[in-house]
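What follows is one structure encoded as structure tokens, with my remarks underneath.
The values are calculated or read from the model by the stated rules, or taken from the named source; none is laboratory data. Since this is a predicted model, take the numbers as computed values, not measurements. Heads up, the Cβs are rebuilt from the backbone with ideal geometry, glycines too, and the neighbour counts pull from every protein chain shown.
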Amino acid sequence: MRSTLLLIILFKTALVFGQVAVFSVKYKTIKFPNTAEGEVLKFSYEIKNNGKSALEIYSSETECSCTEVTLPSEKILPGEFATIKVVFDTKGKYYFQNRMIYLNTNTRKGKELLRFKVFVEPDPERVFPKDP
């Protein structure tokens, strides 16, 4: 009797832990064409929950204040889509930019990564310091 009860409890526990949210995005990295310094890039990532339980995105982390991220406010149910909106201000940025967005989620990994790349052409008026 005890062993049967123990097996039932273990089986139910395994089912509960097996139901996780799965973060999925078609393109984790977005590459932009050459962009002039000072332009503002606005774009979005369409994400899908391929898991068995609701996906929650708690917060995001970026490398600088030049990147603004707007997360979905609601949980993303299994099989459903949501959009993460991003605004990148190129003012004061130049040359190759490889920016990462870290998302704190309830997936197995806990952190998910999105990335975008752009070559920012410096403003022709910009004065660069001379090498000594």
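Just checking, does the stretch 54-66 include any residue being modelled with pLDDT of 90 or more, over 18 Å from Gly110 (Cβ atoms), in contact with a strand residue (DSSP E or B) (Cβ under 9 Å, 6 or more places away or on another chain) and among the acidic types (Asp, Glu)? Scanning the stretch 54-66 turns up no residue that is modelled with pLDDT of 90 or more, over 18 Å from Gly110 (Cβ atoms), in contact with a strand residue (DSSP E or B) (Cβ under 9 Å, 6 or more places away or on another chain) and among the acidic types (Asp, Glu). Counting the residues of the stretch 27-43 that are in contact with a strand residue (DSSP E or B) (Cβ under 7 Å, 6 or more places away or on another chain) and over 27 Å from Asp123 (Cβ atoms) gives 1.
Taken over the stretch 39-70, the residue count meeting the criterion of being under 20 Å from Tyr94 (Cβ atoms) and in contact with a helix residue (DSSP H, G or I) (Cβ under 9 Å, 6 or more places away or on another chain) is 0. Looking only at residues that are part of a strand (DSSP E or B) and touching a residue at least 60 places away in the same chain (Cβ under 8 Å) in the stretch 23-39, which one is farthest from Arg115 (Cα to Cα)? Checked the stretch 23-39; the qualifying residue farthest from Arg115 (Cα to Cα) is Ala36.
Being of a type outside the set (S, T, N, Q) and buried (at least 16 other Cβ atoms within 10 Å of the Cβ) is the filter here; which residues of the stretch 59-70 pass it? Answer for the stretch 59-70, where residues must be of a type outside the set (S, T, N, Q) and buried (at least 16 other Cβ atoms within 10 Å of the Cβ): Cys66, Val69.
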